[in-house]
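For reference, the structure is listed below as structure tokens.
The values are calculated or read from the model by the stated rules, or taken from the named source; none is laboratory data. Worth saying up front: this structure is predicted, and the values here are computed from it rather than measured. Here the Cβ positions follow ideal geometry from the backbone for every residue, glycine too, while neighbour counts run over all protein chains shown. Accessible surface areas use protein heavy atoms only, side chains included; no ligands, DNA or RNA. Shrake-Rupley method; radii C 1.70, N 1.55, O 1.52, S 1.80 Å.
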Amino acid sequence: MKQVVQNYKSGELAVLDVPVPGCKPGGVLVRSAYSLISTGTELMKVSEAGMSMLGKARSRPDQVAKVVQSVATNGVPATYRKVMGKLDSYTPLGYSLCGVVEQVGAGIDDVKVGDLVACAGNEHALHAELNWVPKNLYTPVPDGLAPRHAAFGTVGSIALQGVRQGESRLGEVALVIGLGLIGQLVVQLLAASGVRVVGVDPDPVRCELAERLGAAACGDPESAAVEAAVAELTGGHGVDQVYLAAGGGSNQPVELAARLCRDRGRVVDIGKCRLDLPWNAYYEKELDVRFSRSYGPGRYDPEYELEGRDYPIGYVRWTERRNLACFLDLLARGSVDVEPLVSHVADFDDAVETYQRLKDGDLKAVAVLFRYPEQAADAEAPAVAVPVVKRPGGGVPQSARAAKSPVRLAFVGAGNYATSMLLPHLAQRDGVELATVVTTTALSAANAQRKFGFAEATTDLDAVLGDKSIDAVFVVTRHSSHAELTRKALLAGKAVFVEKPLALTEDELAGVLAAVEESGNDRLQVGFNRRFAPLLQEARKRFGARTGPASLRYLVNAGRLEHGSWYLQQGTQGSRFAGEGGHFIDTASWLLEADPVSVYAVATPGNEDLQVVLRYPDGSTATISYVTTGSAGFPKETLDLVADGRVLRLDDFVRAAVWDGRRKRWVSSRLPKARDKGQNAELAAFVKAVRTGGPMPVPVESLVATTAATLAVQAGLAAGAPVTLAGAR
């Protein structure tokens, strides 16, 4: 098997082939899926190994003292040989991982082969393909928790033990100094406990991340804003606890702790920072200085860690193993989120390069994961199914009856998008009757009826679905209800126009298609309007047919959402990209005249900015950059299509151009206020299909493929690998 090692004398890092460890009694053999690099502890070891011998001595005075004692006992020659022999040996790296139990040792009955476990220990949870882990240093992973998140178990336990040492109480205020990996986790744990947190770090990016994850305020240690925030939150008394999660040789953290802590407050040292306590400051406030020893009680006790002798829960409530299990439970319940901390996922074979990039500063990261060969093989092509659309009659679309004129429409939902982008076009269209509007509140239905002239307003959906005179139903509600309302309307025999997204999960998508199969009703349109935009339609026509594969780039400058927007309710309404991304995938697929066969997605911390790469059957690719951190003054959507010596350019549905060779062949522009993203043409095509009984504007198969590709983005982010769209055409 392979393992990451380091020679402390030379500083060499390597991935070595080493023997597989035996599965001893009292533990399990675990095949690694993901292991976490501790960007604090491990990088400190890596940096120390690259120092001169004098530098190593200065960085580890505790070891120098041992050498001096050995010289006094054993003499210089023997001590020299012993020290140099130890330095010139390979030592392991790593202490936090998640993997699958491959073999169970004698005396183990709480897990079985195939179980997913999180493991701890700098001698047992190493960056290696296989590790033997004793009983008290592993714990089963809760159902549904991703392996890459469970790999944070050990560092999470370190942060959790630190918070326990602080004895935080509901309503208190805490200061966290150092917002690296441990500090970010401490912030989240405190916030989840009802403690208001102020963070301190010289890195503004880490400060911003901590605020997104629950801190009330963050800033540079030299900033007056930090002291002002502490004064405001505490009424000028100072914080109840300070958590030192910083490293380095500066004494600034302990001095800042004394200045901002209240009288008889608590200072907890979690990291490894300089601790020259200013006597007067700590004495006058009678500060309680505490140390947090790694993962919790049991650490460094061989009887606990190696022999599996647990401490009675009545005497020691939170041991190493119980802390590990507790942190995983917090992850599984969503009380703590580690995904925003993942800056990079590297293949295990690239371990040496990854450490070097971290050491050199080329890779700036809060947390970095190694993905192991079997996991990488599985993750190279995790699949999202593109369901087959089944209709009675061998998959042939069912003929639809032509609607009587006028076409009678019902709206389910009358929110901002419906009333600003859809209903104004329909209210002015000949041959259309706005029959009924259905909302959950009576007043919103009455407002829509008054403004757009609906014949009826109601809160009774079933009555509308049972009304045989209704030809088509528009579903314009919040995202979480789209699939179920669409399913019901299809089963009722209605043509359906549903705003994007069609579904938020694969199960929801399958439910919609089950309704198509059961009813034989495939009269469905999703509100992917960009393909109907007149300017883009004309640009595509001018670009002409392709003979070779194309490259497409689509930049979506989505911008920040206002505080309180329901789009931010990801737990119930899905991610922002899940709600909007189908627009851009559909546009790319329409321009490339095919459905994607694979999706690869990467994101900045917090999934704020996404890069989504779609691959198509003929080798064409489309890259969608969905960003929220750009300038509000920059156009929202810009698109470039390149193929066969030609370029199509679209600027925010205001200007479009086609280049052929060295010159522009065609260019067109509109007034910015005349921006037309295709809603009117889309509605016209839908109403025509309903009225005539002809084909729907977009085949159901294309709608399903776009929805599956949108869902694959989240799956790809979780897997850190390309996702195959199984069954894609």
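Here is how the numbers come out for the structure above:
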quantity	calculated
Where PRO297 falls short, out of the listed (1) in contact with a strand residue (DSSP E or B) (Cβ under 7 Å, 6 or more places away or on another chain); (2) outside any helix (DSSP H, G or I)	(1)
Neighbours by Cβ (under 7 Å, 6+ apart or cross-chain): first from region 700-721, under 28 Å from ALA151 (Cα atoms); second of a type outside the set (A, V, I, L, M, F, W, C) and open to solvent by less than 20 Å² (accessible area, probe 1.4 Å)	ALA709/PRO596; THR710/PRO501; THR710/GLY581; THR710/GLY582; VAL713/GLY581; GLY720/ARG148
Top-ranked residue of region 247-259 - restricted to ones that are in contact (Cβ under 8 Å) with a residue 60 or more places away in the chain and open to solvent by 10 Å² or more (accessible area, probe 1.4 Å), ranked as farthest from VAL173 (Cα to Cα)	GLY247
Selected residue [surrounded by fewer than 17 Cβ atoms within 10 Å (Cβ to Cβ) and either among the aliphatic types (A, V, I, L, M) or modelled with pLDDT of 85 or more (or both)] from VAL704, VAL642	VAL642
Qualifying position, being in contact (Cβ under 8 Å) with a residue 24 or more places away in the chain, polar (S, T, N, Q) and buried (at least 22 other Cβ atoms within 10 Å of the Cβ), among SER157, SER193	SER157
Looking only at region 611-641, and only at residues there that are farther than 16 Å from LEU552 by Cβ and of a type in the set (A, V, I, L, M, F, W, C), the one that is farthest from the chain's Cα centre (by Cα)	PHE634
Close pairs (8 angstrom Cβ cut-off, 6 or more residues apart or separate chains): within 12 Å of THR419 (Cβ to Cβ) and part of a helix (DSSP H, G or I) in region 432-454, among the charged types (D, E, K, R) and open to solvent by 10 Å² or more (accessible area, probe 1.4 Å) anywhere	GLN449/GLU456
Set ASP462, ASP467: member being more than 41 Å from the chain's Cα centre (by Cα) and within 17 Å of VAL496 (Cα to Cα)	ASP467
Tally, over region 344-370, of residues that are of a type in the set (Asp, Glu) and surrounded by 17 or more Cβ atoms within 10 Å (Cβ to Cβ)	1
Residue in region 274-289 that is within 25 Å of GLU172 (Cα to Cα), open to solvent by 20 Å² or more (accessible area, probe 1.4 Å) and within 35 Å of the chain's Cα centre (by Cα) present	no
Subset of region 503-525 that is under 30 Å from the mean Cα position of the chain (by Cα) and of a type in the set (Asp, Glu) - its residue that is least open to solvent (accessible area, probe 1.4 Å)	GLU508
Region 118-173, subset assigned to a loop (DSSP other than H, G, I, E, B) and among the polar types (S, T, N, Q), residue nearest to VAL230 (Cα to Cα)	SER168
Residue check for VAL690: among the β-branched types (Val, Ile, Thr), surrounded by 24 or more Cβ atoms within 10 Å (Cβ to Cβ) and either under 21 Å from LEU490 (Cα atoms) or in contact with an Asp or Glu (Cβ under 8 Å, 6 or more places away or on another chain) (or both)	yes
Flag if VAL268 is in contact with a Ser or Thr (Cβ under 8 Å, 6 or more places away or on another chain) and touching a residue at least 24 places away in the same chain (Cβ under 8 Å)	yes
Qualifying residue in region 719-729 (condition: among the hydroxyl-bearing types (Ser, Thr, Tyr) and farther than 30 Å from GLU433 by Cα)	yes
Residue in region 323-343 that is nearest to VAL602 (Cα to Cα), counting only those that are among the charged types (D, E, K, R) and open to solvent by 40 Å² or more (accessible area, probe 1.4 Å)	ASP337
Test: residue in region 293-303 that is open to solvent by 30 Å² or more (accessible area, probe 1.4 Å), modelled with pLDDT under 95 and under 33 Å from the mean Cα position of the chain (by Cα)	yes
Residue satisfying condition, being open to solvent by less than 10 Å² (accessible area, probe 1.4 Å) and over 30 Å from THR604 (Cα atoms), within set ALA685, ALA712, ALA656	ALA656
Tabulated pairs, region 4-20, first on the phi > 0 side of the Ramachandran plot, second in a loop (DSSP other than H, G, I, E, B) and open to solvent by less than 80 Å² (accessible area, probe 1.4 Å), C-beta under 9 angstrom, 6+ apart or interchain	GLY11/GLY50; GLY11/MET51
First in region 514-540 and part of a loop (DSSP other than H, G, I, E, B), second anywhere and among the aromatic types (Phe, Trp, Tyr) and open to solvent by less than 10 Å² (accessible area, probe 1.4 Å), Cβ under 8 Å, 6 or more apart	GLY527/PHE497; ALA533/PHE653
LYS664 being within 16 Å of GLY544 (Cα to Cα), charged (D, E, K, R) and without any contact (Cβ under 8 Å) to a residue 60 or more places away in the chain	yes
Set VAL496, VAL556: member being touching a Phe, Trp or Tyr at 6+ places or on another chain (Cβ under 9 Å), open to solvent by less than 50 Å² (accessible area, probe 1.4 Å) and over 30 Å from SER631 (Cβ atoms)	VAL496
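Here is a yes/no grid of residues against (1) without any contact (Cβ under 8 Å) to a residue 60 or more places away in the chain; (2) in contact with a Ser or Thr (Cβ under 7 Å, 6 or more places away or on another chain); (3) under 17 Å from GLY153 (Cβ atoms):
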{"site": "GLU307", "(1), (2), (3)": "no, no, no"}
{"site": "ARG317", "(1), (2), (3)": "yes, no, no"}
{"site": "LEU331", "(1), (2), (3)": "no, no, yes"}
{"site": "GLY334", "(1), (2), (3)": "no, no, yes"}
{"site": "ASP347", "(1), (2), (3)": "yes, no, no"}
{"site": "LYS359", "(1), (2), (3)": "no, yes, no"}
